[in-house]
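Inspection log for the structure reproduced underneath, given as structure tokens.
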Amino acid sequence: MNLINVNVTVTGIEVTYSDGSQSRWPTEVTPGVDGHGNINYYRPIIESSDKKMQLYLTKLGEALAKVLRKGSGIRISNSTLTRLPDGYRLFEHTKQNKESGEVRKDTYLFGGGVNSNLKFRSPNEFIDHLLWLASDKTSSCDCKYCDGKTSDLVFGKAMTEQGGFRRGELVWATKDQILTTDETETSSYIKFWPAVVIERTVVSPHVLYTLQRVLVDGTLKVRQNKIMPWLALDPADLMKQFDNQDVTDDPLLVSKFLKAVNYANEIASMYTPVIRSEYALSCIIFGAEVLKVNDYVRLTYEKLNDSEMMQLPVFKITSMYINEHKKLEMRGDMFLKMPTNGAPGTKLIRTNTEQTEYPLDLTQIAGRFYMTYPNITRSASPTKLATLTDRLKIIQDGSKLVLTSENRNSIQQTAKRARPINNSSFSRKK
């Protein structure tokens with residue numbers, strides 16, 4: 001099982017994807033009398049210090065840690081689950097018989113699953129479903145309640161929002177997040193502005209991103225629906241519109257916007273392999289995006305129009321390394337995109353068996369595949385091999401784009417343990 005929706009920290013293990021919803025929680029949370037005259041209610045268990053909560057977090061964390069250690073050999077210092085997945089909550093069900101006065105208390109976990117009345121009765125009963133939440137969803141959930149009803153190859157908006165954008169990535173932010181109120185009201189042609197992701201935080205139920213705006217002082221926090229992938233828009237088209245003599249936007253603001261896009265284009269022209277060991281890579285900063293193992297990426301081929309590009313398969317990276325010829329190479333699985341018959345998300349059908357995989361080099365990658373932007377056809381085309389320092393220098397660009405030491409450190413965490421790279425050692429082409 002490939003667990004990709006997991007964060008391991010010194011404080012414990014966190015599952016970053018969830019199918020949970022508060023709408024599935026019981027509503028009878030205060031003592032009351034039911035139709036049979038019995039006292040009947042559910043007490044929410046919220047505090048992590050509660051013994052029942054500790055039991056769940058400990059048992060579930062140990063189950064996750066066991067699979068993680070077996071699958072990747074990852075070192076886990078604290079095998080406790082830091083919190084329940086979003087939308088899940090423990091409740092203690094209390095029922096007092098009206099005749100005997102006997103009180104019975106049972107603990108249940110509510111929030112997820114395939115129907116609104118589902119409740120998990122113990123940590124062991126929830127483990128299989130938790131492992132599925134943490135997985136890449138290429139197989140169905142094995143828990144007793146789902147019984148194969150979860151879609152193993154259909155990914156919707158929720159999964160994309162959990163993964164979202166990464167530190168150091170270049171994105172577009174809506175102008176109302178970047179410009180002043182006056183600038184927003186007077187700019188008809190400027191609708192988006194380039195920015196760099198500094199940090200990603202989860203404030204349930206929202207994912208917030210701290211952005212460093214290009215050529216605009218200061219950072220800001222925005223929700224994911226206010227930003228979009230760099231490859232979703234063509235900078236050339238945005239810049240070309242200002243050739244129109246009827247443009248009424250403030251000339252100084254237009255000039256600043258064009259400079260910001262040029263700086264962003266410079267960032268997007270670079271690629272940086274980040275070395276984990278002699279041959280293995282931690283990630284590749286590929287133009288505007290950060291590519292990692294278990295990512296789904298779009299493919300590109302020459303002489304295809306946009307419609308044909310959309311029909312290309314999607315590639316899942318299972319390994320990235322430096323081959324014997326000192327060239328960057330990836331291996332992984334190939335998926336076809338299929339219609340979902342009106343259901344949200346995109347259906348992916350794997351074309352290769354578990355015993356086979358496809359080789360790929362960087363020239364064949366167009367960019368990350370976003371479930372919320374499945375129709376992106378632009379291809380990343382970074383041509384400049386650069387160190388992380390080179391990339392940060394362009395982002396910072398002296399006083400024009402000031403990065404605080406805190407923000408600089410945050411971006412650098414994207415490429416921990418990166419080694420210097422020289423142009424004679426690596427190449428995009430075979």
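Every read-out reported here was derived from the displayed coordinates using simple, explicitly stated rules and does not represent laboratory data. In this text, all values refer to a predicted model and were calculated from it rather than measured experimentally. As a convention, Cβ positions derive from the backbone with ideal geometry for all residues, glycine included, and neighbour counts pool all protein chains shown.
The table below lists the values:
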quantity: When each of Lys191/Lys393; Lys326/Lys384; Lys59/Lys144; Lys191/Lys259; Lys119/Lys316; Lys259/Lys292 is checked by Cα-Cα distance, pairs over 25 Å; calculated: Lys191/Lys393; Lys119/Lys316; Lys259/Lys292
quantity: Relative contact order (%) - the range 1-91, alpha-carbon pairs under 8 angstrom, separation at least six; calculated: 42 percent
quantity: From phi via Karplus (6.51, -1.76, 1.60), per-residue ³J(HN,Hα) for the range 256-261 in Hz, x at Gly/Pro; calculated: 5, 5, 4, 5, 4, 5
quantity: Exposure proxy order (Cβ contacts within 10 Å, fewest to most) of Leu299, Leu131; calculated: Leu299, Leu131
quantity: Taking only Cα atoms of the range 6-148, radius of gyration then Dmax in Å; calculated: 16.8, 56
quantity: Long-range amide H partners of Val207 with built H, under 5 Å; calculated: Gln224
quantity: Tyr271 long-range amide H proximity, modeled H, under 5 Å; calculated: Gly287, Lys384, Leu385, Ala386
quantity: Loop-located GluC sites (Glu not before Pro) in the range 1-56 whose Cβ has at most 13 other Cβ within 10 Å (DSSP); calculated: Glu28, Glu47
quantity: Highest average packing first - 80-93, 379-392, Cβ atoms within 10 Å; calculated: 80-93, 379-392
quantity: Full-stretch length increase - Thr201, Ser77 - with 0.36 nm per residue and alpha-carbon distance subtracted; calculated: 42.4 nm
quantity: Cut-off 11 Å (backbone N to label point 7 Å along Cα→Cβ of Glu92), residues of the range 49-63; calculated: 50-53
quantity: Sequence ranges 214-226, 96-108, ranked by mean other-Cβ count within 10 angstrom, highest first; calculated: 214-226, 96-108
quantity: Theoretical FRET efficiency, 1/(1+(r/R0)^6), r = Cβ-Cβ of Thr389 and Gln22, R0 30 Å, to 0.05; calculated: 0.10
